[in-house]
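Undergrad: Sending over a structure as structure tokens; questions will come in a sec.
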Amino acid sequence: MAIILGIESSCDETSASICIEGEIRSNIIASQAIHAKYGGVVPELASRAHQQNIIPTVDQAIIQAKISKKDIDAVSFTRGPGLLGSLLVGTSFAKSFALAMDIPLIEVNHMQAHILAHFIDNPKPSFPFLCLTVSGGHTQIVLVKDYFEMELLGETLDDAAGEAFDKTAKILNLPYPGGPLIDKHAKNGDPTAFKLPEPQIPELNFSFSGLKTAILYLVQAEIKKNPNFLEERMDDLCASVQDRIVSILLNKLKKAAKQTGVKDIAIAGGVSANSGLRSSLLAMGEKYKWNVFIPKFEYCTDNAAMIAIAGYHKFLKQDFVGQDISPLARMHV
């Protein structure tokens, strides 16, 4: 049986996972609360926290999987994309662990791993499938032809969808991370209360910077008329913002599905935990007879289970790297 240790440290979550013959046996995530008071992730603080968290996190993953570190056949790690300091911690640990245990080292592309999270549980999509990958740093539509054969069909030209949520939350004076709070308020609001623009971006690419500016101007104008505007209309405002971001994402996904003729449609990444996106995709899937795949919440945000499952499929191909490997802040699917 192949036993893979997965290490994820691309941003502000330190995570370790054990995958045994394609089955996830543990997925430990240590989140970093320190960034909340700064309104966003501070890279230097993130890398320091990874250094503190990585050994106990890996230890817990091994204990929970009920194995010994001597049982591990290979270690997979996030090479990129991400914050370079954070990636360095995970890469250095993985290299040291592999060297000490005399086992192979497997590099994993973080964005590919988000997509491959769909192979952790059943039902699994069939190749080829389309995946809308949405997170704080990335918004992409990917045609997935095989486990590691992926074609980028469209991506954001500026802000990612997750950034649009977080930057809007800042405008609305909501604490970081703002995306989940917008989702929470949106459940009690009217999505048609405020008309927000949909960017006319060619092909399958996205843009969210103009929407963010439109929200800022709307809030400034309304506060001039009523200083209590945010307190009184927060639910409606959040519902309108979320509805527009979701419609931008799904309109492009619908276009991609029409162009490719693919019927298996998936979402991945941190923003795929958004309830508005999940419910709207399911409704669209029903309308257009798509087979829709949505990962469990614990596999949406950054986690090592997706790194371990990606590592497992690379292990089957004997796709290993040497000790000279270094992290990359930028990587493409």
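The values are calculated or read from the model by the stated rules, or taken from the named source; none is laboratory data. Since the structure is predicted, the reported quantities are computational estimates derived from the model, not experimental observations. With ideal geometry, Cβ positions are generated from the backbone for all residues, glycine too; neighbour counts draw on all protein chains shown. We work out accessible area using only protein heavy atoms, side chains counted, and drop any ligands, DNA or RNA first. Shrake-Rupley method; radii C 1.70, N 1.55, O 1.52, S 1.80 Å.
Undergrad: Filter region 154-198 down to the residues that are surrounded by fewer than 19 Cβ atoms within 10 Å (Cβ to Cβ), under 20 Å from the mean Cα position of the chain (by Cα) and among the aliphatic types (A, V, I, L, M) and list them by number.
TA: LEU157, LEU181, listed by residue number.
Undergrad: Restricting to region 1-35, count the residues that are open to solvent by 40 Å² or more (accessible area, probe 1.4 Å) and of a type in the set (Gly, Ala, Ser).
TA: Looking only at that region, the number is 2.
Undergrad: Determine which member of the set VAL262, VAL333, VAL271 is open to solvent by less than 20 Å² (accessible area, probe 1.4 Å), in contact with a strand residue (DSSP E or B) (Cβ under 6 Å, 6 or more places away or on another chain) and assigned to a loop (DSSP other than H, G, I, E, B). Walk me through it before giving the result.
TA: On the way: VAL333 fails: open to solvent by less than 20 Å² (accessible area, probe 1.4 Å); VAL271 fails: assigned to a loop (DSSP other than H, G, I, E, B).
Just one listed residue meets the conditions, VAL262.
Undergrad: In addition: Quickly run through region 215-258 and pick out the residues that are farther than 18 Å from ALA161 by Cβ and open to solvent by 60 Å² or more (accessible area, probe 1.4 Å).
TA: The answer is TYR217, GLN220, ILE223, LYS224, LYS225, PRO227, ASN228, GLU231, GLU232, ARG233, LYS258.
Undergrad: Can you find a residue in region 123-136 that is among the β-branched types (Val, Ile, Thr), over 22 Å from GLN51 (Cα atoms), in contact with a helix residue (DSSP H, G or I) (Cβ under 8 Å, 6 or more places away or on another chain) and crowded, with 23+ Cβ neighbours inside 10 Å?
TA: So in region 123-136, the residues among the β-branched types (Val, Ile, Thr) come out as 133-134.
Cutting the leftovers down to over 22 Å from GLN51 (Cα atoms) gives us 133-134.
Now narrow it down to the ones that are in contact with a helix residue (DSSP H, G or I) (Cβ under 8 Å, 6 or more places away or on another chain): 133-134.
Within this subset, residues satisfying the condition of being crowded, with 23+ Cβ neighbours inside 10 Å are 133-134.
Scanning region 123-136 turns up at least one residue that is among the β-branched types (Val, Ile, Thr), over 22 Å from GLN51 (Cα atoms), in contact with a helix residue (DSSP H, G or I) (Cβ under 8 Å, 6 or more places away or on another chain) and crowded, with 23+ Cβ neighbours inside 10 Å.
Undergrad: GLN242 - would you say it is under 23 Å from PHE77 (Cβ atoms) and either touching a residue at least 60 places away in the same chain (Cβ under 8 Å) or out of contact with any helix residue (DSSP H, G or I) (no Cβ under 8 Å at 6 or more places or on another chain) (or both)?
TA: Details: under 23 Å from PHE77 (Cβ atoms): no; either touching a residue at least 60 places away in the same chain (Cβ under 8 Å) or out of contact with any helix residue (DSSP H, G or I) (no Cβ under 8 Å at 6 or more places or on another chain) (or both): yes.
Here the answer is no, as GLN242 does not meet what is asked.
Undergrad: In region 36-67, how many are free of Cβ contacts under 8 Å to residues at least 60 places away in the same chain, out of contact with any helix residue (DSSP H, G or I) (no Cβ under 7 Å at 6 or more places or on another chain) and open to solvent by 30 Å² or more (accessible area, probe 1.4 Å)?
TA: Qualifying residue count for the region: 11.
Undergrad: Hey, could you check region 73-122 for residues that are hydroxyl-bearing (Ser, Thr, Tyr) and more than 18 Å from ILE18 (Cα to Cα) and say which is most open to solvent (accessible area, probe 1.4 Å)?
TA: Going through region 73-122, the residues hydroxyl-bearing (Ser, Thr, Tyr) turn out to be 76, 78, 86, 91-92, 96.
From what's left, more than 18 Å from ILE18 (Cα to Cα): 86, 92.
Details: SER86: 0, SER92: 58 Å².
Among residues in region 73-122 that are hydroxyl-bearing (Ser, Thr, Tyr) and more than 18 Å from ILE18 (Cα to Cα), the one most open to solvent (accessible area, probe 1.4 Å) is SER92.
Undergrad: Filter region 217-231 down to residues that are more than 32 Å from the chain's Cα centre (by Cα) and closer than 19 Å to PRO191 by Cβ, then give me how many there are. Don't jump to the end; show me each part of the working.
TA: Restricting attention to region 217-231, the residues satisfying the condition of being more than 32 Å from the chain's Cα centre (by Cα) are 221-229.
Now drop any that are not closer than 19 Å to PRO191 by Cβ, which leaves 222, 229.
Residues meeting the conditions: 2.
Undergrad: Condition check: touching a Gly at 6+ places or on another chain (Cβ under 6 Å), modelled with pLDDT of 95 or more and over 17 Å from LEU174 (Cα atoms). Does LEU196 satisfy that?
TA: On the way: touching a Gly at 6+ places or on another chain (Cβ under 6 Å): no; modelled with pLDDT of 95 or more: yes; over 17 Å from LEU174 (Cα atoms): yes.
Judged against the criteria, LEU196 is not a match.
Undergrad: Another question, if that's okay. Every residue in region 274-292 that is touching a residue at least 40 places away in the same chain (Cβ under 8 Å) and part of a loop (DSSP other than H, G, I, E, B), please.
TA: ASN274
Undergrad: State the number of residues belonging to region 206-245 that are small (Gly, Ala, Ser) and not in a helix (DSSP H, G or I).
TA: Taking region 206-245 first, the residues small (Gly, Ala, Ser) are 207, 209-210, 214, 221, 239-240.
From the residues that got through so far, the ones that are not in a helix (DSSP H, G or I) too are 207.
Qualifying residue count for the region: 1.
Undergrad: Same structure, new question: May I ask you to verify whether ASP243 is touching a Leu at 6+ places or on another chain (Cβ under 9 Å) and under 21 Å from MET111 (Cα atoms)? Steps first, answer last, please.
TA: Details: touching a Leu at 6+ places or on another chain (Cβ under 9 Å): yes; under 21 Å from MET111 (Cα atoms): no.
In short, no.
Undergrad: Write out, first by first residue and then by second, each pair whose Cβ atoms fall under 7 Å of each other, whose residues are 6+ apart or on separate chains, and whose first residue, in region 153-181, is over 15 Å from ALA214 (Cα atoms) while the second is charged (D, E, K, R).
TA: Listed by first residue and then by second, the contacts come to GLY154/GLU203; GLY154/LYS252; TYR176/ASP166; PRO177/ASP166; GLY178/ASP166; GLY178/LYS170; GLY179/ASP166.
Undergrad: For GLU203, state whether it is open to solvent by 50 Å² or more (accessible area, probe 1.4 Å) and within 14 Å of LEU253 (Cα to Cα).
TA: yes
Undergrad: Next question, about the same structure. For region 127-139, check the following and say yes or no: at least one residue is under 20 Å from the mean Cα position of the chain (by Cα) and without any contact (Cβ under 8 Å) to a residue 24 or more places away in the chain. Walk me through how you get there before you give the answer.
TA: Filtering region 127-139 down to residues under 20 Å from the mean Cα position of the chain (by Cα) leaves 129-139.
Keeping just the survivors that are without any contact (Cβ under 8 Å) to a residue 24 or more places away in the chain gives none.
No, that holds for no residue.
Undergrad: Name the single residue that is surrounded by the fewest Cβ atoms within 10 Å (Cβ to Cβ) among those in region 296-319 being in contact with a Ser or Thr (Cβ under 6 Å, 6 or more places away or on another chain) and assigned to a helix (DSSP H, G or I).
TA: Step by step, filter region 296-319, then rank; the result is ALA305.
Undergrad: If the Cβ limit is 6 Å and pairs must be 6+ apart or interchain, which residue in region 74-96 that is at positive phi pairs with which residue that is of a type in the set (Ser, Thr, Tyr) and open to solvent by less than 20 Å² (accessible area, probe 1.4 Å)?
TA: Short answer, once both residue conditions are applied: GLY82/SER10.
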